1. Can we say residue 267 is open to solvent by 10 Å² or more (accessible area, probe 1.4 Å), touching a strand residue (DSSP E or B) at 6+ places or on another chain (Cβ under 7 Å) and closer than 12 Å to residue 172 by Cα?
2. Return the residues of the range 243-255 that are more than 12 Å from residue 216 (Cα to Cα) and either of a type in the set (D, E, K, R) or not in a loop (DSSP other than H, G, I, E, B) (or both); say none if nothing qualifies.
3. Looking at the range 222-244, I want the residues that are within 12 Å of residue 287 (Cβ to Cβ) and have a partner that is open to solvent by less than 10 Å² (accessible area, probe 1.4 Å) and polar (S, T, N, Q) with Cβ atoms under 7 Å, at least 6 apart or on another chain. Which pairs are those?
4. Name the one entry in 45, 128 that is surrounded by fewer than 21 Cβ atoms within 10 Å (Cβ to Cβ), in a loop (DSSP other than H, G, I, E, B), at pLDDT 65 or above and not hydroxyl-bearing (Ser, Thr, Tyr).
5. If we scan the range 95-116, do we find a residue that is within 30 Å of residue 457 (Cβ to Cβ) and surrounded by 19 or more Cβ atoms within 10 Å (Cβ to Cβ)?
6. Tell me which residues, restricted to the range 69-94, are among the hydrophobic types (A, V, I, L, M, F, W, C) and crowded, with 16+ Cβ neighbours inside 10 Å.
7. Just name the residue that is farthest from residue 127 (Cα to Cα) out of those in the range 293-346 that are of a type in the set (Phe, Trp, Tyr) and either open to solvent by 20 Å² or more (accessible area, probe 1.4 Å) or not in a helix (DSSP H, G or I) (or both).
Amino acid sequence: MCLHAKLASCMVALAAMCSGSAQQTNRQGPCSASECIDVDERDSLSWLQWSRVRKVAHGPDELGGLGWLHPGPTQPAPFPIVYSVLGLGGQPYARAIVGIADSCPPISIDGLKEQPEVTIRATGSGGLPYDFPVRVCEAALPIGHQGGTFGGRPVPAMTQDPTKYLLVGDTGLRLKVKNLGNCKEFSDSETYGVPMCRTYEAFNKSNVKGDVQSLDNWPLYDLFTSAAETNPDLVVHLGDYLYRQTACPREHGCDDVSSGSWWGDTWRGWFSDFFDPARPLLESAPWIVIRGNHEDCSRAGHGWFMFMDPRPLPPNWSAGYCESYTEPYSIPFKHEQLLIIDDTAIKPKAGGIDHFDFLPACSAGEAQAVSANRHEDPSQNLSFIDAQVQMYTRHMRRLADLAKGHKTNIYVGHRPLFAFACNHSEYTSLDWTMQQAWQACAVDLGSVVLAISGHMHWFTGVEYAGRAHPTQVVVGHGGTKLIPNSVPEQEFEGSQLEILGAKVSRGSSKSAFGYATLTSGDGDSPLAFSAMEMSPGSLTAKTFWEASVPREPRY
């Protein structure tokens, strides 16, 4: 039987076996996809096809109470793991992760008489804290290439005239546990941004402190499969890939993380929190990767540079390499240009949104959102704050220079520029540092019509009267533990709320897992933005907020 026909037949059979008719077949427990597709055939499937089979094949017990699929990583890892990223000027790179002792696989790009050279980007090493027993192979590809294969896995084609962008951010399983329930005394040192335990005691559940997200409440396998089925031309990840800063405390719904050491800025951490669930989407389209604050040097910055950063690594690279800052750049396309900035190193006032009080309701009738001015934070050094503002102002001026080459520009960074959140009983606008940099260069940034960000663990969309600011969308609802901050759109009808002197004309926030799409037309029609949400147990995403963004410069 033809493999794809057999795949369809298998899915029908599995659906029947895993439904009520399973009782008629005297089955016990969840169905197995391997019952109708063997290993050799599975390797011939795309990861999107295999994800569909795997979704059907798991019974309710494995889906958990909420219905999200979380099969967990497999060992050994199914090398090669192939993906492609766009770098400075839109330069595409195909990358393949293989075993540490493996040779780089061959690459074949359609339509090329001479194939690109495959080089070793990085070879990791064993041993904590940065345990990366893998090798990353890389090949620079022609802009606008037709796609091909790398080690037998698909390399998606790159178009210079993308129609659909898939936007997603803040995707990892949140584990930031200050006490796993068995620590009596902590040391002065930290690993992955969390204090280490010096003296242990017997486990006591009441001693568990910190932030924990159970696997039953992590939708990433389903979310990335659903996103891949939208057939995007490009994927833009808005940062924060790795949230597993610690192991999981016992009796909190994520024991598998601890039992297999699937956490930390290590290969096991990156594989389980990103590469394993992302494989369907990695094979669907090239990626534009934004660095988030979770990829700073104290948390997951070492894996970021090894796997994700679109720049060459230095000749003396080692697994301990990390840079606090990287320079801004642009990725131009036929009808729009993306302006990329790395805002990782910012230290927000009072710890930022992780320390907001979201429980009270804010009134949309307030006149002005409060600025989170870092100068008012006694724990911060004023000279350091001013130095950061000066540096990011220089980066913003660089983006303003790059913007001159295109009529329609889109700002892309992890931290929002013109968003807000309800903190205590008043709105706070974010992000103060980037706002200072923007205001210093605003006169030269009129062609920026849209700002896309993540960081806040919900979705927000905001439009401003007279287009005084770019339309701001925050796509931070990609899988990590949501923060309850839903504000219905009608709350902003007739609102007097202002952000940096500009009145909010329309806005909405929602805490629901999902992603977003941005559709580009013929260069004359507006950009069409859609925010999507997913429900447990389904691969279908539904639109809950839309915006039409004019391409013409705002001034």
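The values are calculated or read from the model by the stated rules, or taken from the named source; none is laboratory data. Here the structure is a predicted model, which means the values were calculated and not measured. Every residue, glycine as well, gets a Cβ built from its backbone with ideal geometry; the counts of neighbours run over all protein chains shown. In case anyone asks, the SASA skips ligands and DNA or RNA and just uses the protein heavy atoms, side chains included. Shrake-Rupley method; radii C 1.70, N 1.55, O 1.52, S 1.80 Å.
1. So residue 267 fails the test.
2. 244, 250, 251
3. Every condition considered, the pairs that remain are 238/453; 241/171.
4. Sole residue among the options that is surrounded by fewer than 21 Cβ atoms within 10 Å (Cβ to Cβ), in a loop (DSSP other than H, G, I, E, B), at pLDDT 65 or above and not hydroxyl-bearing (Ser, Thr, Tyr): 128.
5. For the range 95-116, residues within 30 Å of residue 457 (Cβ to Cβ) and surrounded by 19 or more Cβ atoms within 10 Å (Cβ to Cβ): present.
6. Across the range 69-94, the qualifying residues are 69, 77, 79, 81, 82, 85, 86, 94.
7. Of everything passing the filter in the range 293-346, 333 is farthest from residue 127 (Cα to Cα).
This table checks each residue for (1) within 24 Å of residue 467 (Cα to Cα); (2) open to solvent by 10 Å² or more (accessible area, probe 1.4 Å); (3) at pLDDT 90 or above; (4) in contact with a Cys (Cβ under 9 Å, 6 or more places away or on another chain).
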residue: 348; (1), (2), (3), (4): no, yes, no, no
residue: 358; (1), (2), (3), (4): no, yes, no, yes
residue: 380; (1), (2), (3), (4): no, yes, yes, no
residue: 402; (1), (2), (3), (4): yes, yes, yes, no
residue: 406; (1), (2), (3), (4): yes, yes, yes, no
residue: 413; (1), (2), (3), (4): yes, no, yes, no
residue: 433; (1), (2), (3), (4): yes, no, yes, no
